[in-house]
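J.: Shown below is the structure under consideration.
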Amino acid sequence: MTPEDRLAAFLSADAAPARPTVDAAFVAEVMQRVARRELQLKLASAAVTAAAAGAVLWACAPVLDLAVHALAPVLLPAAGILTLAAAAGLLGAQVLARR
């Protein structure tokens, strides 16, 4: 037996096993259930986080109310200037994007 024959016999003897057929509908159903579980888990964690943040803000409402009333007159001019700058930037970006 020549080396080429031995190599051919070796390569043909270790052929990969046949791949079993996979039902596409079954795979899609499993993937859909997994995605639904992940969505439910993310929604539940987001709801818990929102509830906790709401409780913290509710508890801090009196202090935040005082802070807003004290700082609003001071920060009003700066907020107006920043709003106008942001609007000019957005409009300028749209004009430049058209060119």
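The values are calculated or read from the model by the stated rules, or taken from the named source; none is laboratory data. Since the model is a prediction, treat every value here as computed from it, not as a measurement. Note that we place each Cβ from the backbone using ideal geometry, even for glycine, and neighbour counts take in every protein chain shown. Just the protein is used for accessible areas: all its heavy atoms, side chains included, with ligands, DNA and RNA removed. Shrake-Rupley method; radii C 1.70, N 1.55, O 1.52, S 1.80 Å.
J.: Return the residues of the range 72-84 that are over 30 Å from the mean Cα position of the chain (by Cα) and open to solvent by 60 Å² or more (accessible area, probe 1.4 Å); say none if nothing qualifies.
T.: Those that are over 30 Å from the mean Cα position of the chain (by Cα) and open to solvent by 60 Å² or more (accessible area, probe 1.4 Å): Pro73, Val74, Leu75, Leu76, Pro77, Ile81, Leu84.
J.: Determine whether Asp23 is free of Cβ contacts under 8 Å to residues at least 40 places away in the same chain and either on the phi > 0 side of the Ramachandran plot or over 33 Å from the mean Cα position of the chain (by Cα) (or both).
T.: no
J.: Restricting the search to the range 8-43, which residues are part of a helix (DSSP H, G or I), open to solvent by less than 100 Å² (accessible area, probe 1.4 Å) and at pLDDT below 85?
T.: Of everything in the range 8-43, those that are part of a helix (DSSP H, G or I), open to solvent by less than 100 Å² (accessible area, probe 1.4 Å) and at pLDDT below 85 turn out to be Ala8, Ala9, Ser12, Ala13.
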